[in-house]
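Student: So that we are looking at the same thing, I have put the structure below in structure tokens.
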Amino acid sequence: MTTIIYNLAQVQRRMALACARAGRDVASVSLLAVSKTFGFDAVREAAAAGQRAFGENYVQEALDKMAVLRDLPGLQWHCIGPLQSNKTRSVAEHFDWVHSVDRLKIAQRLSDQRPAQRAPLQVCLQINVDGGSTKAGVAPEQALALARAVAMLPRLCLRGLMSIPEPAIEYEAQYALHTKARAVFDQIKAAGTAGAPGLEQFDTLSLGMTADLDAAIAAGSTLVRVGTGIFGGR
Ligand SMILES: *Cc1c(COP(=O)(O)O)cnc(C)c1O
């Protein structure tokens, strides 16, 4: 067995264990393999083991991989890196998901630029749960208003929230930060249940990476983004 296939199985075991501890169904959490900085051969190996969803931070690097891997059926590409206005067209044209939308202007551009023949772009709002002013992400207090606005854009489908808290070593600290994202998620979901339009498919909480996926799953993550744990150190 190659290292990547072995690592994937280990990560899946860790996810299953975290689900069991939290009393959650394993099927309620999916795995995004973060392939940034790794080559197309690494993606191919993970795909051979059944992995379909891949996360990339750098648009050009991702486009190069997509071109080489066109022959692989059913891959799903997620943009998880910071998004500048001049990159939105490439993202709208080539990705399936974006996790890092944190302002309306970017969302509007993505919606305008999403090609008509493709399914709506699946979008998560990035929220900044630790309040660091230099960090990407909408403040928790402003997340609901942004969600309501993004939910109205015709070529986007608002799917949920993403957060990247400051690294914390202790499980309890990781859990506390992820719980903040969960609370905002629940607030927006409740607005949808109460009738706010465009939130029918708001079901994704993109939380947890290699170091903190266990705490993220305990806090309610439905999608963990794992790079190092699958592909090795960068
Ligand atoms: C790089 C990255 C990851 C993966 O991090 P690992 O610690 O390697 O698992 C997850 N999410 C985002 C947004 C990233 O940039």
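The values are calculated or read from the model by the stated rules, or taken from the named source; none is laboratory data. These figures come from a predicted structure and were not determined experimentally. Neighbour counts are summed over all protein chains in view; Cβ atoms, including those assigned to glycine, are modelled from backbone coordinates with ideal geometry.
Student: Looking only at the range 187-234, count every residue that is touching a Cys at 6+ places or on another chain (Cβ under 8 Å) and part of a strand (DSSP E or B) and tell me the total.
Tutor: Of the residues in the range 187-234, 2 are touching a Cys at 6+ places or on another chain (Cβ under 8 Å) and part of a strand (DSSP E or B).
Student: What number goes with the only condition from (1) under 13 Å from Leu205 (Cβ atoms); (2) within 14 Å of the ligand (Cβ to nearest atom); (3) not in a loop (DSSP other than H, G, I, E, B) that Arg182 does not pass?
Tutor: (2)
Student: Where residues in the range 152-170 are over 18 Å from the mean Cα position of the chain (by Cα) and more than 16 Å from the ligand (Cβ to nearest atom), which of them is surrounded by the most Cβ atoms within 10 Å (Cβ to Cβ)?
Tutor: Filtering the range 152-170 for residues that are over 18 Å from the mean Cα position of the chain (by Cα) and more than 16 Å from the ligand (Cβ to nearest atom), the one surrounded by the most Cβ atoms within 10 Å (Cβ to Cβ) comes out as Leu153.
Student: What are the residue pairs meeting all of these: first residue in the range 222-234, first residue within 18 Å of Tyr6 (Cα to Cα), second residue near the ligand (Cβ under 8 Å from one of its atoms) and of a type outside the set (A, V, I, L, M, F, W, C), Cβ atoms under 6 Å, and 6 or more apart or on different chains?
Tutor: From the range 222-234, the pairs are Arg225/Gly55; Val226/Thr210; Thr228/Thr210; Gly229/Thr210.
Student: So, in the range 4-17, how many residues would count as being loosely packed, with under 13 Cβ neighbours inside 10 Å and either touching a strand residue (DSSP E or B) at 6+ places or on another chain (Cβ under 7 Å) or modelled with pLDDT under 95 (or both)?
Tutor: Of the residues in the range 4-17, 0 are loosely packed, with under 13 Cβ neighbours inside 10 Å and either touching a strand residue (DSSP E or B) at 6+ places or on another chain (Cβ under 7 Å) or modelled with pLDDT under 95 (or both).
Student: Can you name the residue in the range 171-189 that is aromatic (Phe, Trp, Tyr) and under 16 Å from Leu223 (Cα atoms) and is also nearest to the chain's Cα centre (by Cα) among such residues?
Tutor: Phe185
Student: Moving to a separate point now. Name the pairs whose Cβ atoms lie under 6 Å apart, with the first residue in the range 177-198 and closer than 11 Å to Gly160 by Cβ, the second at pLDDT below 95 and buried (at least 18 other Cβ atoms within 10 Å of the Cβ), and 6 or more positions between them or separate chains?
Tutor: Filtered contacts from the range 177-198: Ala181/Val129.
Student: Is there any pair linking a residue in the range 20-38 that is under 19 Å from Gly220 (Cα atoms) and more than 10 Å from the ligand (Cβ to nearest atom) to one that is part of a helix (DSSP H, G or I) and among the polar types (S, T, N, Q), with Cβ under 8 Å and at least six apart or on different chains, and which?
Tutor: Leu31/Gln12
Student: Ser133 versus (1) at pLDDT below 95; (2) surrounded by fewer than 18 Cβ atoms within 10 Å (Cβ to Cβ); (3) within 16 Å of the ligand (Cβ to nearest atom): which is the lone unmet condition?
Tutor: (3)
Student: Still on this structure, please answer the following. Identify all residues within the range 80-105 that are hydrophobic (A, V, I, L, M, F, W, C), within 21 Å of Gln142 (Cβ to Cβ) and more than 16 Å from the ligand (Cβ to nearest atom); write none if there are none.
Tutor: Leu104 - this is the single residue of the range 80-105 that is hydrophobic (A, V, I, L, M, F, W, C), within 21 Å of Gln142 (Cβ to Cβ) and more than 16 Å from the ligand (Cβ to nearest atom).
Student: Could you grab me the full set of residues in the range 27-44 that are surrounded by fewer than 20 Cβ atoms within 10 Å (Cβ to Cβ) and over 21 Å from Met162 (Cβ atoms)?
Tutor: If the condition is that a residue be surrounded by fewer than 20 Cβ atoms within 10 Å (Cβ to Cβ) and over 21 Å from Met162 (Cβ atoms), then Gly39, Phe40, Asp41, Arg44 are the ones that fit.
Student: Return the residues of the range 204-234 that are more than 15 Å from the ligand (Cβ to nearest atom) and either loosely packed, with under 14 Cβ neighbours inside 10 Å or among the basic types (Lys, Arg) (or both); say none if nothing qualifies.
Tutor: Once the filter is applied, which keeps residues that are more than 15 Å from the ligand (Cβ to nearest atom) and either loosely packed, with under 14 Cβ neighbours inside 10 Å or among the basic types (Lys, Arg) (or both), the range 204-234 yields nothing.
Student: Filter the range 70-102 down to residues that are among the charged types (D, E, K, R) and out of contact with any strand residue (DSSP E or B) (no Cβ under 7 Å at 6 or more places or on another chain) and give me whichever is farthest from Val150 (Cα to Cα).
Tutor: It comes out as Asp71.
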